[in-house]
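The structure appears right after this line, and notes come after that.
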Amino acid sequence: MNRRDLLRNAAIVGAAALAGRRAFADEPWSAAPAMTWSNGRILTGLPIGAGDAEIRGGVRVEGGKIVAMGPDVTGGTDLAGATVWPGTWETGTTIGLADIDLEPSTRDDVETLDAFQPQVRVVDGFNPQSEVLPVLRARGVLGALVLPGGGVVSGQAAWMRTSGATLADATVMAPAGLVVNLGKAGASDKGPTSRLGVLARLRDVLDANPDPAAVPPPDKKKHAPVEPPKPPTRAEVLWHDLRGGRLKALFVADRASDIELALDLASEYALDAVIIGAAEGWMVARQLADARCGVVLGPVTVQPDSWAHPNARYDNAALLHAAGVTFGIRIGDPHRTYDLTTEAGIAVAWGLPYAAAVAAITGNSPALFGLDQGTLRVGGEASFVVSDGDPLEPRSSVKKVVVLGVDQPLVNHQTELYDRFKVLR
Amino acid sequence: MLLLCLPALAADLAILHATVLTAAGPPIADGTVVIHDGVIASVGGPVPAGAETLDATGMYLAPGTIDPHSHMGDYSWPDGNGHSDGNEASEPFTPRVWAGDSVNLEDPAFELARAGGVTTIQVLPGSANLVGGRSAVLKLRQRRLLDQMLFKAAPPGIKMAIGENPKRVYGASTELAPDGDQLQTRMGEFAALRREFQAALDYRDARKRPNPPARDLDLDVILDVIDDKILVHLHCYETNDILGMYRIADQYGFHIQSLQHGLEAYKVRDVIAAHGTMLATFSDWWGFKLEAWDAIPQNAVLSSQAGVGVSMHSDSASFVQRLNLEAAKMLRYGWTADQALQSITIVPARMLGVEAKVGSIEVGKDADLALYNGDPLSVYSRVQRTWIDGEVVYDRAGAGVAQ
């Protein structure tokens, strides 16, 4: 199966886990050698309530999958107490689309075709050979929900790995949802210029594209068809999928009132919504808990430095957790994606339980999309990171990265420079 | 005015049973630090009669964080046009401007910085200009008047910049530089610098002759640079920029006190050490522009091992609150915990020329302190209390801030 077929299938099926497995079906991962690691501390990354957050023991890997895990696994490589954990899965970034912020020739992360451009796809611009990815991978970042930017509806997000030589290898799920920028972020000279226009145009496009599957067929006795209906355009299909809940609405919103608007839209149009950002989420914690929609907050260190979120605070995560909201944590800044661990640690310092913090940067966000990446469990994919201490502590280092049972090289642009200049010649 | 500048005289305070990280020697377990009249009166006791005591069992007492690269007050929160006061990008040379004139004392970032244990910052002009203007070193006292926040003992400093930023700002627009001062290349930047420095020397000569030219507020400051009367803090990234600036500095005979950012310092760390220049850098931020593409997280450690005094800096009103965690990352690459702590305390104090007053916990120094509920290099630790000149400027127990 070639890459084009694969992506098309992923798009048509829209079933993430399936697409993910499909992406690797023909790849050598399944032939990965068996390996055993023992005597470690294992953080499973499982969402709270889905199993043990932390266990002692080892991991046995065969065929790219975890076949055994826990105290009964012995032998193999002695971890000597090192921590095995799922690596971080970022939720809402531009890695793979943009390498150097101020070099336009390296950037494909913002498109301004139109203020409403559902047909724009992250996978069309994602570069699995980006030199940023190996730097992040070597520091424990294994994947990310990559968002397109620009306009009110920026296009189709995708879950991508930081490993994989080809686009097909790197793709976990595409599309993963449509990005909808609320607040002033959505305003531009290509479309609405204020929140008023953003919401008006959003309702217009949602009203105009009801899910055909949910609309009762016309009464043939009363309305004899004059001509067969035209097939829907690609954009119309996407709107239909959004309205039908087959495609997620990824609302990027920070101000409390913008989060409320996202919840209102989700309720009014029965959208499968995820709120990304949520800097002022703590102010609408009850509504977020009641709505049971997905929430990705972050960065934890977002400051009250902007009119978009003057009420940002460090204990946002702790307050949302206390309100019963399950969430992922994102950092956003692509070059600092590895600091997700520090972000989670800071959330702990401000009151978030440790297990909830680990899950928030590993398994929680993929789980929102029906993916099991970011977790360690028997039968799951053998993708994990070994750190020489608590992964949330800034002083800890990543020592090993394994993806689908395959040891990943830790060499990258930065290690090459270090090797070149560690001794001056 | 003098009265306003002094903190209210308080009873002596003895902080007891803390792990004292002095930044001047090894950690002191179960240590005692006594504050008298805003100054550290003793490290280790005795506790004077009548002193207030604070039981800091299980806590860590460290010097307050010092950030040599801040724009707090010059880009006040919330962001917006009305708060954009950090770059006087009207021409590439603005040595006459002073960052202190832009400081908005109502910037809410000050409060959060104090809550992060920050006690001293250097507010620098931005990096649009080759010579951007003079800096303002502030103590983050809770005061209404700029005069009360200025660190009076700090010698003057000036911001210079070389590399991508000036040519980006002045390269595309002829409106900004109608007199032919457009900067399109690095060689153009260096040529413009030479012309400016030569103009200053010519101006000095002309001022000595009959019918001298009028005072030039720009060239007066350039002459202070040439005479080493002002500390030069140079924004730069790449090796060619660093080496090129040493050609200028050597030609006109001035000292470069610090490289700011200097993400490629590791490649020419021997040259930097030989010039006695210090380095203020990020832990591992990179990739935001081409001249930051070759940044490596070992930059600070390699440079310090070559003899360069290396400080962490924030360049951010957010990261300054967690500069301790940026320093903590350096433990991965070879720094000891003491070195990491020094990189946010005594080393930046030296860079700003205030090491006689602040930056370590030693008798006679200002009582600028941060008390953490754990190791300051741990992500789980939080600042419990911050003092400046012995005055409590943040208290978590009665936190007057939203956070």
Report summary line: Filter region A:391-402 for residues that are surrounded by 20 or more Cβ atoms within 10 Å (Cβ to Cβ) and under 23 Å from B:Leu341 (Cβ atoms); the one that is farthest from the other protein chains (Cβ to nearest Cβ) is A:Pro391
Query raised in the report: in contact (Cβ under 8 Å) with a residue 60 or more places away in the chain, facing chain A (nearest Cβ under 10 Å) and more than 20 Å from the chain's Cα centre (by Cα): does that describe B:Glu238?
Result: no
Query raised in the report: If you check A:Ser383 against the conditions, is it surrounded by 22 or more Cβ atoms within 10 Å (Cβ to Cβ), within 12 Å of chain B (Cβ to nearest Cβ), out of contact with any Lys or Arg (no Cβ under 6 Å at 6 or more places or on another chain) and closer than 17 Å to A:Trp37 by Cβ?
Result: no
Query raised in the report: For B:Val354, are the conditions met, namely being of a type in the set (Val, Ile, Thr), within 30 Å of B:Ile15 (Cβ to Cβ) and touching a strand residue (DSSP E or B) at 6+ places or on another chain (Cβ under 6 Å)?
Result: no
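In contact with an Asp or Glu (Cβ under 6 Å, 6 or more places away or on another chain), closer than 23 Å to A:Arg161 by Cα and modelled with pLDDT under 95, is that true of A:Ala19?
Considered against the rule, which asks whether it is in contact with an Asp or Glu (Cβ under 6 Å, 6 or more places away or on another chain), closer than 23 Å to A:Arg161 by Cα and modelled with pLDDT under 95, A:Ala19 comes out as no.
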**Report entry** Residue, surrounded by the most Cβ atoms within 10 Å (Cβ to Cβ), within region B:305-316, restricted to residues that are assigned to a loop (DSSP other than H, G, I, E, B) and over 13 Å from the mean Cα position of the chain (by Cα)
**Finding:** B:Val308
Report task. Please go through region A:306-325 and pick out each residue that is closer than 30 Å to A:Thr162 by Cα and away from every other protein chain (no Cβ under 12 Å). Result -> A:Ala317, A:Leu320, A:His321, A:Val325
Requested in this report: Mind counting the residues in region B:176-194 that are surrounded by 13 or more Cβ atoms within 10 Å (Cβ to Cβ) and either among the β-branched types (Val, Ile, Thr) or free of Cβ contacts under 8 Å to residues at least 12 places away in the same chain (or both)?
Outcome: 0
Requested in this report: Evaluate the following for B:Phe197: is it in contact with a helix residue (DSSP H, G or I) (Cβ under 7 Å, 6 or more places away or on another chain), surrounded by 12 or more Cβ atoms within 10 Å (Cβ to Cβ), closer than 23 Å to B:Asp294 by Cβ and at pLDDT 95 or above?
Outcome: no
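Does any residue of region A:343-350 turn out to be in contact (Cβ under 8 Å) with a residue 60 or more places away in the chain and surrounded by fewer than 23 Cβ atoms within 10 Å (Cβ to Cβ)?
No, region A:343-350 contains no residue that is in contact (Cβ under 8 Å) with a residue 60 or more places away in the chain and surrounded by fewer than 23 Cβ atoms within 10 Å (Cβ to Cβ).
Every residue, every condition in (1) in contact with a Leu (Cβ under 9 Å, 6 or more places away or on another chain); (2) within 9 Å of chain B (Cβ to nearest Cβ), yes or no:
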| position | (1), (2) |
| --- | --- |
| A:Phe327 | yes, no |
| A:Gly332 | no, no |
| A:Ala356 | no, no |
| A:Ser365 | yes, no |
| A:Val406 | no, no |
| A:Leu417 | no, yes |
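Just one of B:Asp250, B:Asp205, B:Asp224 is acidic (Asp, Glu), in contact (Cβ under 8 Å) with a residue 60 or more places away in the chain and farther than 26 Å from B:Leu290 by Cα; which is it?
The match here is B:Asp224.
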Report task. Select from region A:285-344 the residues that are closer than 29 Å to A:Ala270 by Cβ and assigned to a loop (DSSP other than H, G, I, E, B) and list them in ascending order. Result -> A:Arg292, A:Cys293, A:Gly298, A:Ala308, A:His309, A:Ala323, A:Gly324, A:Val325, A:Thr326, A:Arg330, A:Gly332
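For region A:30-58, which positions are assigned to a strand (DSSP E or B) and either of a type in the set (A, V, I, L, M) or crowded, with 16+ Cβ neighbours inside 10 Å (or both)?
A:Met35, A:Thr36, A:Trp37, A:Ser38, A:Asn39, A:Gly40, A:Arg41, A:Ile42, A:Leu43, A:Ile55, A:Gly57, A:Gly58
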Report task. With the checklist (1) aliphatic (A, V, I, L, M); (2) farther than 22 Å from B:Glu164 by Cα; (3) away from chain A (no Cβ under 14 Å) in hand, flag the one item B:Ile256 doesn't pass. Result -> (2)
Report summary line: Per the list (1) within 14 Å of another protein chain (Cβ to nearest Cβ); (2) under 21 Å from B:Val392 (Cα atoms), residue check on B:Gly80 breaks on (2)
Query raised in the report: So which of A:Pro71, A:Pro128 is at pLDDT 95 or above, within 20 Å of A:Gln408 (Cβ to Cβ) and not basic (Lys, Arg)?
Result: A:Pro128
Query - Those residues of region B:353-387 which are hydroxyl-bearing (Ser, Thr, Tyr) and within 14 Å of chain A (Cβ to nearest Cβ), in sequence order - result: B:Tyr372, B:Ser378, B:Tyr380, B:Ser381
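Being modelled with pLDDT of 95 or more, crowded, with 17+ Cβ neighbours inside 10 Å and not in a helix (DSSP H, G or I) is the requirement here; does B:Ile222 meet it?
Against the criterion (modelled with pLDDT of 95 or more, crowded, with 17+ Cβ neighbours inside 10 Å and not in a helix (DSSP H, G or I)), B:Ile222 does not qualify.
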Query raised in the report: Which residue, of A:Thr106, A:Thr94, is among the β-branched types (Val, Ile, Thr) and surrounded by fewer than 20 Cβ atoms within 10 Å (Cβ to Cβ)?
Result: A:Thr106
Query raised in the report: Got a number for residues in region A:98-152 being within 14 Å of chain B (Cβ to nearest Cβ), part of a helix (DSSP H, G or I) and more than 27 Å from A:Ala382 (Cα to Cα)?
Result: 3
Report summary line: Scanning region B:317-351 residue by residue, those in contact (Cβ under 8 Å) with a residue 60 or more places away in the chain, more than 9 Å from chain A (Cβ to nearest Cβ) and not in a helix (DSSP H, G or I) turn out to be B:Ile344, B:Thr345
Report task. Could you tell me whether any residue of region A:402-424 is part of a helix (DSSP H, G or I), out of contact with any strand residue (DSSP E or B) (no Cβ under 6 Å at 6 or more places or on another chain) and hydrophobic (A, V, I, L, M, F, W, C)? Result -> yes
Requested in this report: Would you confirm whether any residue within region A:358-381 is charged (D, E, K, R), assigned to a loop (DSSP other than H, G, I, E, B) and touching a residue at least 40 places away in the same chain (Cβ under 8 Å)?
Outcome: yes
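Sort out which residues of region B:70-114 are over 25 Å from B:Leu217 (Cβ atoms) and crowded, with 24+ Cβ neighbours inside 10 Å, and write them in order of number.
B:Met72, B:Ser76, B:Ala109, B:Phe110, B:Leu112, B:Ala113, B:Arg114
Any idea which of B:Gly31, B:Gly58, B:Gly25 is modelled with pLDDT of 95 or more and part of a strand (DSSP E or B)?
Values: B:Gly58 fails: part of a strand (DSSP E or B); B:Gly25 fails: part of a strand (DSSP E or B).
Only one candidate qualifies: B:Gly31.
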**Report entry** Meets criteria (at pLDDT 95 or above and within 14 Å of another protein chain (Cβ to nearest Cβ)) for A:Val302
**Finding:** yes
**Report entry** Flag for B:Glu88 being on the phi < 0 side of the Ramachandran plot, among the acidic types (Asp, Glu), assigned to a loop (DSSP other than H, G, I, E, B) and touching a residue at least 24 places away in the same chain (Cβ under 8 Å)
**Finding:** yes
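The values are calculated or read from the model by the stated rules, or taken from the named source; none is laboratory data. Please read all numbers here as calculations on a predicted model, not as lab measurements. Here Cβ is always computed from backbone atoms with ideal geometry, including for glycine, and neighbour counts include all displayed protein chains.
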